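Comments concern the structure below.
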Amino acid sequence: MGPIWSSYYGNCRSLLFMMDASDPTQLSASCVQLLGLLSSEQLAEASVLILFNKIDLPCYMAMEEMKSLIRLPDIIACAKQDITTAEISAREGTGLAEVLAWLQATHRANG
């Protein structure tokens, strides 16, 4: 789906980007996709929430480990966007209330 994402950038104020916290083999591909999104001029003003999903699985990596592996502090330092992170389990609903609260707060601030 990545190649067609730019078709949906118009009027985008918030970007939710989900990464699989249970699969370290996909981290580099996810990071490349994230960097592509962050470099888009159409998304320069969007607030970004990176979701580390699947924290319910026994093999999930801790958020600090994921941040280190994708060099998130460096990404945040270079990005034009405000970037926030959250741990979630989409299957169990863990953290989803915080995601909705972030969306509300972001849209109030940017609205």
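A few remarks follow.
- All distinct Cα pairs of segment 28-76 go into the 1/r average, and the inverse of that average, the Kirkwood radius, is 12.1 Å.
- Helical mean residue ellipticity (222 nm; -39500 (n - 2.57) per DSSP H run of 4+; nearest 500) of the chain: -11000 deg cm²/dmol
- Remark: the chain carries a charge dipole of roughly 260 debye about the Cα centre, counting +1 on each Lys and Arg Cβ and -1 on each Asp and Glu Cβ.
- A cut-off under 11 angstrom between Cβ atoms defines the neighbours of A109, and their net charge, with Lys, Arg +1 and Asp, Glu -1, is +1.
- Couplings 3J(HN,Hα) for segment 101-106, derived from phi with the Karplus relation 6.51 cos²θ - 1.76 cosθ + 1.60 (θ = phi - 60°), are 5, 4, 4, 4, 5, 5 Hz, where x marks Gly and Pro.
- Across the options Y8, M19, L38, the greatest Cα extent toward the positive end of the charge dipole of segment 1-64 (unit charges at beta carbon of Lys, Arg, Asp, Glu) belongs to Y8.
- Taking only alpha carbon atoms, the chain gives an Rg to Rh ratio of 0.95, where Rh is the Kirkwood radius.
- Summing +1 for each Lys or Arg and -1 for each Asp or Glu among the other residues whose beta-carbon sits under 14 angstrom from that of A21 gives -4.
- Listed peptides 10-23, 37-50, 88-101 appear in the order 37-50, 10-23, 88-101 once ranked by packing, highest mean of other Cβ atoms within 10 Å at the front.
Each value in this text was obtained by applying a stated rule to the coordinates, not by laboratory testing. Not measured: the values here are computed from a predicted model. In this analysis, Cβ positions are derived from the backbone assuming ideal geometry, glycine residues included, and neighbour counts consider all displayed protein chains.
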